[in-house]
Each structure stands twice: as structure tokens, then as C-alpha cells.
Amino acid sequence: MAMEMRLPKARKPLSESLGRDSKKHLVVPGDTITTDTGFMRGHGTYMGEEKLIASVAGSVERVNKLICVKALKTRYNGEVGDIVVGRITEVQQKRWKVETNSRLDSVLLLSSMNLPGGELRRRSAEDELAMRGFLQEGDLISAEVQAVFSDGAVSLHTRSLKYGKLGQGVLVQVSPSLVKRQKTHFHDLPCGASVILGNNGFIWIYPTPEHKDEDAGGFIANLEPVALSDREVISRLRNCVVLLVTQRMMLYDTSILYCYEASLAHQIKDILKPEIMEEIMLETRQRLLEQEG
């Protein structure tokens, strides 16, 4: 059995490797954000002795007169229109319970999904009896947030054919604060794989399908064997996502693609070695800075 021995190495100060990101105003619980009384109190803050104080650790965000603290590590707080990846945990009457990395289980109603074949009609008792045939415990799905209830629970829908049951691929769970909000969270990368960047911190990496089966209504998963070349691409992308998360970089299609291209000079198993991570990270960060101008 092969073993690899590594010698200890002095860590560089974090500020040297952060670049532009270090300009963020970071606070910990109890820090005074401002003593100006003209600001409004937002999430993650409270008033004390006429001062605005942080109640969570994170970065301060200001929108006009509103100040809030965005936690660096938190559960997912749903917003209408978010794209999420979730796992079915329970089949109930006319609904499924879905784990979406939030404080409470999300709900997918039977009336909020496409029927197989895309039929548009009222849901009948036969549909309710066949619910486990559509989705059962353990299935992964992609969906969109339809509503957020007063207690923070999320209601989902899969009424578009781009949503539905997920087939073969790799799930990576990250902090929701690291997923960048974009117009689309479904990306077909030129390397031969696709990613779904869930706003809830669940990243799904899968081989790009040659043709999309639109007659299935999004509930027939492709379980055919995946080619070795596709599995290698998916494994490399997975390690690149883990690398970006370790370095606290935002996840979006460009950052993942640049990191993937920078990692091509190394074997997949070596990507997460500290010295190689640093080399890939520096190249990725430099390309992103050049793109931003």
C-alpha cells in the first residue's frame, strides 16, 4: 500500500492571498458597526446603547440606509426565484418533503410539478397513489423556489422541463454564501460536463446529455453507464469546486472553468495537495482579475 509523507510547512498570512476580497468589512458578534443613528437595522444586527452591533460573524452590506451582516457560514434562507438542488426525504399526502440545506424541510406539492408527458390537468386520486413512482425517498431533484412561508419554510415547484429528477453525477455541498447569484444557474461547460449551482449550496455536476428528453416531464433519470473520460472530467470539476470553497472564492461558471483549466497540468488526485492548490488558485485569481479589468 502506497503512503505519502509530507513535511510541515509554514502557512502564509491570509491577507497576502486574499487580493481584492480583503477590502470587505468583516465583523464578529459584538463588534460595533456604526454609531450613526441614521441607519436602519437589518438582518444580523441589533441596537445597543445607541450603537448598531453585529449579532453574527460575516461581511457588512449596505443598501442605501439599510445595514445588514451577511453570515459567512449559515443555513440557506430561501428567496422566491432561487434555483435549488434537494433530496426527497419523505412522501406525504399530496406533497414531498425535500432537504434543501435550510432550517426547515422544504415542500414540493403534487400540484406544483409537471405530470409525465407534460399533461396539464387537475391532479386526481390516481396521481396521488402514483406519487412514489414519480419521486421517492433519496431522489435528487432540481427545482425553483415558489414561495417562502412566515416560518422560513420554502415551497418549491418543478413546472419547467429544465427542472425535475437528477440522474447520474456528483453532489458537492458548500456554504450558500459562496454561490454567486446569476441569471442562470444551469451551465453546460465546454469541458464536456454540466453544473447546477444551487443557491442553497448544493452543487450538482453531471455529464452533459447529448439530447434532452422533453417528453419525460423531468422525471425519468438516465442510469446508463458513464464513460471513463466523463467520470474523469466530473472528478476534476469536483476537486476544483472543493479547492475554490477551501480558498473562500465565489462559485460561478467562470471561476469554476478557469480553475478547471489551471488544473489540467496536474493529476486529479494531486489537485487538493496544499502547494498545488496554491499554484492553481493564484493562476485562477489572476485570470479573474484580468477579466474584471
Estimated FRET transfer efficiency when R0 is 35 angstrom, pair residue 89-residue 231 (beta carbons, to 0.05):
0.80
I'd like the antiparallel share, as a percent to the nearest 5, of DSSP beta bridges with both residues in region 40-186.
85
Under Karplus coefficients 6.51, -1.76 and 1.60, residue-wise ³J(HN,Hα) of region 125-135 in Hz, glycine/proline x
5, 5, 5, 5, 5, 8, 4, 5, x, 6, 9
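Suppose only helical runs count, i.e. DSSP H with n ≥ 4. What mean residue ellipticity at 222 nm does that imply for the chain under -39500 (n - 2.57) per run, divided by all residues and rounded to the nearest 500 deg cm²/dmol?
Values: 6 runs with 63 residues, N = 293.
Mean residue ellipticity at 222 nm (helix-derived): -6500 deg cm²/dmol.
Work out the FRET efficiency for residue 123 and residue 224 from their Cβ-Cβ distance, taking R0 = 25 Å, and round it to the nearest 0.05. Don't skip to the answer; put the middle values down first.
Working: r = 31 Å, r/R0 = 1.23.
For R0 = 25 Å, the calculated efficiency reads 0.20.
Hey, can you find the accessible area per residue of the chain for me, probe 1.4 Å, expressed in square angstrom?
On the way: 17160 Å² over 293 residues.
Here the per-residue accessible area is 59 Å².
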Roughly how many debye, to the nearest 20, is the charge dipole of the chain about its Cα centre, given +1 on each Lys and Arg Cβ, -1 on each Asp and Glu Cβ, and no other charges?
740
What is the sum of charges around residue 199, taking Lys and Arg as +1, Asp and Glu as -1, for the other residues whose C-beta is under 11 Å from the C-beta of residue 199?
-1
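Please report the net charge: other residues with Cβ closer than 15 Å to the Cβ of residue 170, K and R +1, D and E -1. Can you show the working numbers first?
Values: positive: 87, 231, 236, 238; negative: 230, 232.
Charge balance in the 15 Å sphere: +2.
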Scan around residue 200 for amide H atoms under 5 Å from its own, H built in the peptide plane at 1.01 Å from N, and keep only partners 5 or more places away or cross-chain.
85
The chain: antiparallel DSSP beta bridges as a percent of all, rounded to 5
85
Under a 5 Å amide H to amide H cut-off, with H placed in plane at 1.01 Å, what residues pair with residue 167 once short-range neighbours are removed?
222
Under the rule of at least 5 residues apart or a separate chain, name every residue whose amide H is placed under 5 Å from the amide H of residue 45.
55, 69
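Among residues other than residue 39 whose Cβ falls under 10 Å from its Cβ, what is the net charge (Lys/Arg +1, Asp/Glu -1)?
Net local charge, residue 39 excluded: +2.
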Gaussian network model of the chain, Cα within-10 Å springs - most flexible of 40, 277, 250
40
Given that just one value was derived from the coordinates, which of (i) 20.2; (ii) 17.5; (iii) 13.5 is mean projected area of the Cα convex hull in nm²?
(i)
What does region 66-179 give for Rg and for Dmax, in Å, if only its C-alpha atoms count?
14.9, 51
Would you please put 194-206, 123-135, 79-91 in order of how densely packed they are, using the mean number of other Cβ atoms within 10 angstrom per residue and starting with the highest?
194-206, 79-91, 123-135
Expressed as a percent, the accessible surface of the chain that is carbon or sulfur, using a 1.4 Å probe and the full set of protein chains, is 51
Can you find, among 196, 208, 174, the residue farthest towards the positive end of the dipole of region 139-293? Put +1 on the C-beta of Lys and Arg, -1 on that of Asp and Glu.
174
For the pair residue 34 and residue 80, the simple spin-label estimate (label points 7 Å beyond Cα toward Cβ) gives in nm 2.8
With θ set to phi - 60°, apply the Karplus curve 6.51 cos²θ - 1.76 cosθ + 1.60 along region 103-112 and write out the HN-Hα couplings as whole Hz, x wherever there is a Gly or Pro.
5, 10, 4, 7, 10, 10, 6, 4, 6, 9
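The values are calculated or read from the model by the stated rules, or taken from the named source; none is laboratory data. The shown structure was predicted, so the numbers you read here are calculated from the model rather than taken from an experiment. Here Cβ is always computed from backbone atoms with ideal geometry, including for glycine, and neighbour counts include all displayed protein chains. We work out accessible area using only protein heavy atoms, side chains counted, and drop any ligands, DNA or RNA first. Shrake-Rupley method; radii C 1.70, N 1.55, O 1.52, S 1.80 Å.
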